[in-house]
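**Student:** Below are the structure tokens for one structure; questions will follow.
What follows draws every value from the coordinates through simple rules; no lab data is involved. All values reported here derive from a predicted model rather than from experimental measurement. Don't worry about glycine lacking a Cβ; one is built from the backbone with ideal geometry, like all the others, and counts go over all protein chains shown.
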Amino acid sequence: MRGNSPHCVESAVTGGLTMGFAFWLFAAGCAISIASVAIGKPWTEALARKGTPPEFWKTPLFRETNLLMTGLWALVFMVAAFAAARSPLWAHAAIAVALIALGRVSPQLGTWYANRRMATMGLDRRP
């Protein structure tokens, strides 16, 4: 039975990586983020509307900021997926906690970016 065990088949398919739930969850987050940018409807936009006055929603800067933020989340999810694939199971929780923490500061990062862009364009916060 040498070479025919399920473990050998799994190693041949995955390259020896443990493709657990965390990997697939983070890979799905990456794929969803990329797809939402590709179709022009970044998923961060719905979240950003909760803290942004409606008069900003149709501005090019609002759209640009959300395309950038969703693109950054795609990168974060990709890194998390590869980290999960190469780490022991106990580390997956640490990766998830790091993503939750990043999610808490993400709105401030988007606001910082938008304010910085407005300043470089010589605009103030009024629409």
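**Student:** What are the ³J(HN,Hα) values, in whole Hz, obtained from phi via the Karplus relation 6.51 cos²θ - 1.76 cosθ + 1.60 with θ = phi - 60°, for each residue of the stretch 56-66 in sequence order, with x given for Gly and Pro?
**Tutor:** Rounded to whole hertz, the list is 8, 4, 9, 7, x, 5, 4, 5, 4, 4, 6.
**Student:** Step through the residues of the stretch 45-51 one at a time and calculate ³J(HN,Hα) from phi using the Karplus curve (6.51 cos²θ - 1.76 cosθ + 1.60, θ = phi - 60°), rounding each to whole Hz and writing x for Gly and Pro.
**Tutor:** 4, 4, 6, 5, 5, 5, x
**Student:** Sort THR111, THR52 by Cβ crowding within 10 Å, fewest neighbours at the top.
**Tutor:** On the way: THR111 14, THR52 19.
Neighbour counts put them in this order, fewest first: THR111, THR52.
**Student:** Any chance you could get the radius of gyration and Dmax over the Cα atoms of the stretch 18-120, in Å?
**Tutor:** 15.0, 47
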